[in-house]
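Worksheet for the structure shown next.
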Amino acid sequence: MRDLIVLSDFHLGRGKNRETGRYWALEAFFYDQDLLGFVQWLIAQPHAVADPPLVIFNGDTFDLLRVEPEDDAQGHAHPPDYLTPTSAARILAQILDGHPTFVQAVATALCADLPVLFLPGNHDIELQWPIVQAVVRDAVALAVDGLGQPGQATTERLLKFHPWFYHEPGRAWIEHGCQYDPENAFAWHLRGALDDVSAEDTEVDQPLGNFFQRYLYNSFGPITFMVPSSRANLRYGRWLLLNNPKVLIRAATKQLPFAIRWLRRLALKKLLPPATLPDVHQKELHELAEQSGLGESLLRIEELKELRGDVVTTVELLARNLVRALGIAVVASMALAGLWFLGIAVIQNSSHGYASQTAWFMALTLCFAAAMTGGATLLLLRDSPKPEPSPLPQAAGRVAALLQVPLVVFGHTHDEAVNRLPDTATPSWYYNTGTWIAVFTHDVLLPRDTVQYTFLRIRGTAAELLHWKPERGGAVEVVLLDE
């Protein structure tokens, strides 16, 4: 029972552009030096047992979706196609090249005998491919060599990749958690055996959130945080409308390729090749169930995935909401027009002189303008509806009950969380490790920093949700309130 240190959702982009000396426009992770300081602090800490702790990067460590547009042969910028093993390896090499201190931090951990494990998330699902893993191994091995230790041997021994989860029986289940989010779940997420796959094949099974990130949200340009749900994106869109509408206008003018991609994906959904992703996924799933010893339990966990957020369902929902909104707008417009013309008729048929009628007309105009402005302001500033309960804690409860583990750990949402899980035979807890980048998702006023540097420390079967404080050179407990 070595200590476990769990971190997630770094979303490393291409980092610093060596040619310009500036960060790439879509970069959101600027905390490489803080991570190196964290690793050095972690190495110096006493641990519960003699074995050094296992450091787990629990998904979305790298962001292969949030990538700058590339120029095609005609010089037109467009979002990169969905990734093949070769193109994913190329982009990840660029990411590591732009984040040398991150690579040094991982190498520093390995040189101190701290094993490091990478799990995939929905933004770096490509980590399952051996050619992509090799890029990480080679970069870290080179950094280990620079620190005076044999890089290849060290990474071979201490740097690991798992395709889905980390499980210690009777202790903990750790995975990214996107599979329980309807907007970000893959139908066939195990794809490590696809050595040679086309972009069209991988595009078939892209969650709605991934699709929007690549073809819509990236067009917003430089922002230093990410929003992992449509509800958070609506709040951010409203904030942009009030504070920086130019960003929305610029994004709207560039969305013809996005619309074409949307229609193309709908067509691809119906033309799925019969022997690619589904067959590979099922084969790997049953092999993993046997190798892990989980058997039928793993197949039942696989059935917990949420796939309600597909494009067709979303289009139908948007269409219904649009029709309802248009109906309300038409009725409201007709009512306002009727009142307007009624007021004009009353003014024109009054016995007042021209000057008085003009004054009444101006007053009527100002009243209508004030009413419309006030109504629009109320619509923009009204409180968001109470969000539905997150599906992740519910899924964690079912995993805990299936596997009889006291700790279930996810990331993905960017909101750190601690929940006591009901309906389990033994006391069990759900933890979410939040993120190391700025957040724009929390509506509650909390005493918190914009960047939390959150991590989970597991000792035995007990866990502490902490955040690293670079200015203090230590860690403190995360502040969470009962809501």
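The values are calculated or read from the model by the stated rules, or taken from the named source; none is laboratory data. Here the structure is a predicted model, which is why all the values come from computation and not from measurement. Ideal geometry is used to build each Cβ from the backbone, glycine not excepted, and the neighbour counts take in all protein chains shown. We work out accessible area using only protein heavy atoms, side chains counted, and drop any ligands, DNA or RNA first. Shrake-Rupley method; radii C 1.70, N 1.55, O 1.52, S 1.80 Å.
Just a few scattered comments:
- Within region 124-153, tally of residues that are surrounded by fewer than 21 Cβ atoms within 10 Å (Cβ to Cβ) and not in a helix (DSSP H, G or I): 4
- Region 178-229 - residue that is of a type in the set (D, E) and part of a helix (DSSP H, G or I) and, of those, modelled with the lowest pLDDT: E200
- Breaking point among (1) open to solvent by less than 50 Å² (accessible area, probe 1.4 Å); (2) over 25 Å from L194 (Cα atoms); (3) at pLDDT below 90, for P46: (1)
- Any chance G170 is crowded, with 20+ Cβ neighbours inside 10 Å and of a type in the set (G, A, S): no
- Residues of region 301-343 classified as hydroxyl-bearing (S, T, Y) and modelled with pLDDT under 75, total: 2
- Selected residue [modelled with pLDDT of 85 or more and loosely packed, with under 12 Cβ neighbours inside 10 Å] from E290, E284: E290
- Conditions (1) in a helix (DSSP H, G or I); (2) surrounded by 19 or more Cβ atoms within 10 Å (Cβ to Cβ); (3) modelled with pLDDT of 95 or more: number failed by G121: (1)
- Hits in region 49-72 - residues which are surrounded by fewer than 14 Cβ atoms within 10 Å (Cβ to Cβ) and touching a residue at least 40 places away in the same chain (Cβ under 8 Å): V49, D51
- Applying a threshold of 9 Å to beta carbon distances and a minimum spacing of six or more residues, or different chains, the list of pairs starting in region 241-264 at a residue that is at pLDDT below 75 and ending at one that is open to solvent by 50 Å² or more (accessible area, probe 1.4 Å) and not in a helix (DSSP H, G or I) reads P257/H78.
- T441 vs. criteria surrounded by fewer than 21 Cβ atoms within 10 Å (Cβ to Cβ), at negative phi and either more than 16 Å from the chain's Cα centre (by Cα) or modelled with pLDDT of 95 or more (or both): no
- Index of the failed condition, L272 passing every other in (1) modelled with pLDDT of 80 or more; (2) assigned to a loop (DSSP other than H, G, I, E, B): (1)
- Checked against the criterion of being within 21 Å of the chain's Cα centre (by Cα), open to solvent by less than 30 Å² (accessible area, probe 1.4 Å) and modelled with pLDDT of 95 or more, the candidates L456, L392 yield just one match: L456.
- Qualifying residues in region 49-62 (those that are of a type in the set (A, V, I, L, M, F, W, C) and at pLDDT 95 or above) - the one nearest to the chain's Cα centre (by Cα): F62
- Selected residue (criterion: nearest to F165 (Cα to Cα)) from residues of region 421-438 that are open to solvent by 10 Å² or more (accessible area, probe 1.4 Å) and at pLDDT 95 or above: Y431
- Filter result for V144 (more than 27 Å from the chain's Cα centre (by Cα) and modelled with pLDDT of 95 or more): yes
- For region 78-100, the candidate set comprises residues that are open to solvent by 70 Å² or more (accessible area, probe 1.4 Å) and of a type outside the set (V, I, T); within that set, the residue that is modelled with the lowest pLDDT is D81.
Quick grid of which residues meet (1) open to solvent by less than 80 Å² (accessible area, probe 1.4 Å); (2) in contact (Cβ under 8 Å) with a residue 40 or more places away in the chain; (3) assigned to a helix (DSSP H, G or I); (4) within 25 Å of L242 (Cα to Cα):
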{"site": "V331", "(1), (2), (3), (4)": "no, no, yes, no"}
{"site": "M334", "(1), (2), (3), (4)": "no, no, yes, no"}
{"site": "L339", "(1), (2), (3), (4)": "no, no, yes, no"}
{"site": "I347", "(1), (2), (3), (4)": "yes, no, yes, no"}
{"site": "F361", "(1), (2), (3), (4)": "no, no, yes, no"}
{"site": "A369", "(1), (2), (3), (4)": "yes, no, yes, yes"}
{"site": "M372", "(1), (2), (3), (4)": "no, no, yes, yes"}
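- Test for R137: is it in contact (Cβ under 8 Å) with a residue 40 or more places away in the chain and within 26 Å of E284 (Cβ to Cβ): no
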